Every structure is written in C-alpha cells, then in structure tokens.
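What follows is a single structure, written as structure tokens, with notes after it.
Read the figures in this text as sums done on the coordinates, not as results from a lab. In this text, all values refer to a predicted model and were calculated from it rather than measured experimentally. Cβ coordinates were reconstructed from backbone atoms using ideal geometry, including for glycine residues, and neighbour counts include every protein chain displayed.
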Amino acid sequence: MHLLCKESASATYQPTQILESTRLLYDLIRKPEEYEGWLMRYSSGLIFRIGFGKVMRDNDDPLLKRLFLELHEVERVASPGQYLVDVLPVLMYLPDWLAPFKRELKQLHRNELAIMQGLLNDVKAEMEEGKAPDCWEKTYLEHMSEYNLTETQGAYVVGTLFEAGAGTTAAAMMSWVLCMVHYPEELKKLQAEIDAVVGDSRMPIFEDMAKLPRVRAVVKEQLRWRPVTAGGVPHQSTKDDVYNGMFVPAGTNVHFNEWAIHREEALYPDPETFNPDRWLDPKFPTYREPLTQYPNVSNYSAFGFGRRICPGMHIAERSLNILVARIAWACDIRKKIGSDGKEVEVPLYDYVPGFNVQPIWFAFDLKARSEERWKIVQEEYRTEIENDPLRSRG
C-alpha cells in the first residue's frame with residue numbers, strides 16, 4: 001500500500017486525471033459560479049475512482065454529501081485549540097458523562113467508520129462477484145495478510161487517503177483562482193507560455209509539463225502564498241530538544257507554522273506578493289535548474305515534513321499542474337463587473353477557518369478564451385465520457 005502514492009506509481013493515475021480534469025473544465029465553463037462544487041468533484045472524484053473504483057457523477061451525490069459532511073467535521077475537530085482538552089490534557093481523565101467532547105468525538109468516529117467500512121464492504125462484494133475494478137481498496141483486500149492490519153484499520157487506511165486528498169487539492173485550486181483574479185498580469189504570462197508550447201488546437205497534457213516551468217512555478221507559488229494547511233500538522237518530538245533557547249521535552253506536540261515558514265523574508269523576498277518569478281529568475285534564492293525539472297513540489301514544506309509528509313503529494317502535484325494548465329489554456333478569468341459598471345472587489349484574504357482552509361465563495365468572471373477552444377473542450381469531454389472505463393458504474 002505504501003507504494004501507491006509514490007512518484008513512480010502516481011504517473012499511472014494520469015489517464016484518470018485527464019478524464020476528471022476534462023469533466024471539470026466542461027462544467028466550469030458552463031457554470032463558473034459553481035466553481036467550488038466542480039473543484040470538489042474533481043478532487044473527490046479522482047480519489048474515489050482510484051481509491052474505490054467508483055464514479056462521482058454530480059455534486060448532489062448523496063454519498064458525496066455525506067463524505068464531505070464527515071470530512072469537514074474531521075477538519076473542524078482537528079483544528080488546534082478546538083477543545084479545552086488541547087491545552088488542558090488532564091481533562092482526558094474525565095469520564096464520558098462529564099466530558100461532552102469525548103461523547104462528540106466517539107460519535108464522529110462511529111459515523112466515519114460506518115462510511116469507510118461500507119466502502120470496503122462494497123469492494124469486497126464486487127470482488128466476490130468478479131466485478132471489482134482495480135483500486136486501492138481492492139489492492140488492500142488482495143494483500144491483507146501482508147499488511148497485518150485489522151479490517152477496521154484497513155478501511156481507515158484507504159478512507160483517510162480520501163479524506164486527505166478530497167478537500168486539499170480543491171482548496172488549493174480555489175486559492176489559485178483567487179490569485180488569478182488579483183494578479184491578472186500573471187494569468188497573461190501563464191497563458192503566453194501555454195500557447196507557445198501547446199498551441200490552440202489541443203488541450204495541455206502531462207507530456208507538456210517539462211516545457212511549462214511557469215505553470216509549475218505558479219502552482220508552487222500559490223501553495224506558498226496561500227498554504228492549505230496554514231497552521232501545519234501536529235508532530236510529536238521523539239527526544240528532548242532545545243529550539244531558540246526554549247526547552248522542548250520528548251513527547252511534546254509541535255505545530256510547524258507553514259504560514260510563517262512560507263513568509264521567511266530571507267528565502268522569500270517580499271513574501272506577501274504572489275510572484276511566480278521567484279522560482280524562475282536566478283536573482284531569487286529559491287531558483288533552481290534545470291527548468292525542465294524545477295520548480296516542483298517534491299519535499300516542499302506545503303506538504304509537511306518527516307514521517308508525516310503527505311503521501312499523495314505527487315498525485316496532488318500532477319493534479320494542480322494539469323488543472324492550472326488546462327483552465328489557463330481554455331479560460332479567461334477576471335473580476336466581475338457589477339451593475340454600476342465597476343469591478344466587484346474580491347477580498348484578498350477571506351478564508352474559512354479550520355485545519356485546512358479555503359477562500360470563502362467569491363464572485364468572478366470566467367469565460368472560454370475563444371469559441372474554437374470551447375469546441376475542443378466539448379469534443380474532448382464527449383470522447384472521455386464515451387471511453388470512461390467506469391462509465392457503467394455511475
């Protein structure tokens with residue numbers, strides 16, 4: 001199972017990313033005001049396919065709604081300081097009847113487990129009938145004896161991969177749209193690079209990425225400028241340590257403040273400015289060569305550190321790259337013009353609070369760059385839907 005999200009394995013998911021990115025682009029151009037739903041469907045649909053061999057047909061899917069309800073609950077309770085017990089661990093010794101947080105979290109666990117166990121049981125039943133498509137859950141069930149996990153633990157392994165990947169990629173893309181609204185000149189630079197490499201007769205594909213360093217720079221800069229997990233993921237110190245004169249005993253929970261790390265002035269001059277050139281211009285300390293390989297997000301702080309680094313970062317990187325390239329190729333994005341003829345202002349930072357964050361819905365204009373490109377999107381959409389290997393499973 002640990003091999004499923006490594007870079008070499010991640011490339012095998014590219015056809016699925018192409019399919020889901022085409023669906024996203026088609027619906028985004030038709031109904032841009034529903035961008036949150038389309039981006040969430042892309043990220044959840046991708047993980048649902050490769051995790052469980054299932055298809056997310058639309059944003060009203062009851063299972064999708066139930067999954068995201070639980071996901072947002074997990075993000076809420078995981079936020080630092082959400083409960084008093086976070087700062088007063090002694091409260092853990094209270095009996096359940098005196099500790100409402102215990103009762104709440106146990107119920108959340110039961111709800112979450114019911115969903116994950118149900119998904120595992122679905123795949124198990126399909127395997128017994130010989131109808132299960134290749135997916136992570138099937139791989140786990142075929143090799144259960146090798147992993148030495150209980151069935152509950154196995155259900156959680158794949159289920160938490162969904163929870164980790166479903167919201168984060170969508171949140172990052174919502175922040176990218178926010179970037180493009182506030183920095184239209186950067187969108188023009190991005191489009192110029194894509195047009196020079198791809199042209200106007202086809203959409204970008206993964207094979208183009210080595211020639212699209214600005215696409216990769218925009219992705220990396222967006223993750224720096226608006227990190228999804230701004231407060232970091234908690235780690236536990238394994239031994240006594242001293243940091244800047246402060247004693248940190250073994251067993252201490254430590255949060256790496258990604259917001260502050262991404263604003264280190266010495267590494268990121270003028271850190272509050274969204275500036276992809278910091279990854280492309282040799283005058284910046286973050287520049288690396290060759291540009292056919294760099295910038296990339298391997299071991300980047302936005303995906304965590306050490307043993308808790310995001311196992312799906314290579315899948316996420318490919319998703320972000322292809323989505324940014326395809327949306328920029330096909331679409332123009334700008335501030336909305338109000339009834340008074342003036343631009344509707346968009347807050348620079350108005351985000352949903354929590355463990356993982358995303359911008360609160362905002363108004364903007366998104367249109368196809370030309371009728372010809374819109375026709376190409378529609379044609380590819382029809383082709384992808386017709387050739388979908390899971391077409392009959394929706």
Given backbone amide H placed at 1.01 Å from N, residues whose amide H is under 5 Å from that of V248, ignoring those fewer than 5 places away on the same chain, are D241, V242, Y243
The long-range amide H neighbours of V254, using H built 1.01 Å from N in the peptide plane and a cut-off of under 5 Å, are H235, Q236, S237
For the pair L390 and L63, the simple spin-label estimate (label points 7 Å beyond Cα toward Cβ) gives in nm 0.9 nm
With bins of 10 Å, the percent of all Cα-Cα pairs of segment 248-387 per bin from 0 is 8, 23, 34, 25, 8, 2, 0
Checked against a 29 Å limit on the C-alpha separation, the offending pairs among K220/K336; K189/K336; K31/K211; K211/K283; K102/K124 are K31/K211; K102/K124
Using alpha carbon centers only, segment 45-94 is separated from segment 305-322 by a whole-angstrom value of 19 Å
Under the helix-only model (-39500 (n - 2.57) for each DSSP H run of 4 or more, divided by the residues of the chain), the mean residue ellipticity at 222 nm, to 500 deg cm²/dmol, is -16000 deg cm²/dmol
Stretched fully, the stretch from W97 through Y351 gains (0.36 nm per residue minus C-alpha distance, one decimal, in nm) 87.9 nm
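By per-residue mean of other Cβ atoms within 10 Å, what is the highest-first order of 168-180, 193-205?
Put in order of decreasing packing, that is 168-180, 193-205.
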PRE zone check, label point 7 Å out along Cα-to-Cβ of D86, amide N under 16 Å, scope segment 347-372, hits 352-358
If the label point sits 7 Å along Cα→Cβ of L149, residues of segment 308-345 with amide N under 15 Å come out as 311-312
In whole Hz, the Karplus estimates of ³J(HN,Hα) for segment 96-107 (6.51, -1.76, 1.60; θ = phi - 60°; x where Gly or Pro) are 4, 5, 9, 10, x, 5, 5, 5, 5, 6, 5, 5
The ³J(HN,Hα) series, computed from each phi in segment 262-273 with the Karplus coefficients 6.51, -1.76 and 1.60 at θ = phi - 60°, rounded to the nearest Hz and given as x for glycine or proline, is 6, 10, 5, 4, 5, 8, 10, x, 6, x, 6, 8
Simple SL model, points at 7 angstrom along Cα→Cβ for A125 and T238; separation in nm is 4.3 nm
Dividing the alpha-carbon radius of gyration of segment 186-308 by 2.2 N^0.38 Å, where N counts its residues, gives 1.30
Reduced to Cα centres, the span from segment 270-304 to segment 124-176 in Å works out to 32 Å
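If you place +1 on the Cβ of every Lys and Arg and -1 on the Cβ of every Asp and Glu, how big does the dipole about the Cα centre of the chain come out, in debye to the nearest 20?
Roughly 60 debye for the chain.
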Everything considered on the Cα gyration tensor (a ≥ b ≥ c; rounded for a/c under 1.5, else prolate if a/b is larger than b/c, else oblate), the chain must be described as oblate
Sequence order, segment 167-172: Karplus ³J(HN,Hα) from phi using 6.51 cos²θ - 1.76 cosθ + 1.60, θ = phi - 60°, Hz rounded, Gly and Pro as x, gives x, 5, 5, 4, 4, 4
Once E73 and F206 are pulled to full extension, the length gained, defined as 0.36 nm per residue separation minus their Cα-Cα distance, is 44.4 nm
Interchain or sequence-distant (5+) residues whose placed amide H lies within less than 5 Å of the amide H of C331 are R369
